């Protein structure tokens, strides 16, 4: 199953053009000085300069998960905000698999960096031949987005870990210079460090939808805001509809919103997140 190139339409915009993406059905001297300079430079510089003057690390980059619905992300500042776009869901069946491609339009600035996200649903495991076909299907679904990074979203059970590892190994041989990351259950970054030697560049622990472990994990992060598993360092995923928890040393923050994103909702949520940093 293949995919055609997206329909890209340039729309006028003061700051930068945008891509309309619609896949086809087929597929230092003082804080005061820093404050004045930062206000002139804009919000991102303001926050970074103040944090550096206070001896803190710079604010992380933000990645907006854009899920199945139509999304307009033309408001983002592409210097600090990236698009993590859901491109497909692949469901493993008893014989073969089914691919659901993105159908809804997503709009973003033409210079935005894209992380192409594929959701994997599976009750069982796949043999080697099917694993290779799955890898090909993932690349086919993400190719129209021309991503700088591929991300797999799969809540692998213990019995599926070997299968998942083999799939990631197949993807690693196919993606060239692009990065490869996975989302992770928060527990994988605490007492269950099985992801440490996976062939990926990053693991993104999701600090939401954690089930009965949620309160325990959040309490642990408030007590010690780091993930015990080194592979999880520097990345985190938050949702607008669940409580936050602090994480030190963040370089990338992935944000999920159960409704369409707006500039106001994004900026207000960033303020909530950065209050913890």
Residues of the range 144-164 being surrounded by fewer than 18 Cβ atoms within 10 Å (Cβ to Cβ) and either out of contact with any strand residue (DSSP E or B) (no Cβ under 8 Å at 6 or more places or on another chain) or farther than 18 Å from residue 90 by Cα (or both), in sequence order, are 146, 148, 157, 158, 159, 161, 162
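Which members of the range 173-186 meet the condition of being surrounded by fewer than 16 Cβ atoms within 10 Å (Cβ to Cβ) and over 15 Å from the mean Cα position of the chain (by Cα)?
173, 174, 176, 177
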Exactly one of 70, 95, 121 is surrounded by fewer than 17 Cβ atoms within 10 Å (Cβ to Cβ) and closer than 22 Å to residue 204 by Cβ, and that one is 121
If you check residue 231 against the conditions, is it buried (at least 19 other Cβ atoms within 10 Å of the Cβ) and part of a strand (DSSP E or B)?
no
So, residue 195, is that one over 23 Å from residue 86 (Cβ atoms), under 19 Å from the mean Cα position of the chain (by Cα), at pLDDT below 95 and crowded, with 16+ Cβ neighbours inside 10 Å or not?
no
Using the structure shown, decide if residue 273 is in a helix (DSSP H, G or I), touching a strand residue (DSSP E or B) at 6+ places or on another chain (Cβ under 9 Å) and over 17 Å from residue 69 (Cβ atoms).
yes
So which residues in the range 241-265 are touching a strand residue (DSSP E or B) at 6+ places or on another chain (Cβ under 7 Å) and either crowded, with 18+ Cβ neighbours inside 10 Å or within 15 Å of residue 218 (Cα to Cα) (or both), if there are any at all?
244, 247, 250, 252, 253, 254, 255, 256, 261
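The values are calculated or read from the model by the stated rules, or taken from the named source; none is laboratory data. From a predicted model like this one, the values you see are computed outputs, not experimental measurements. Cβ coordinates were reconstructed from backbone atoms using ideal geometry, including for glycine residues, and neighbour counts include every protein chain displayed.
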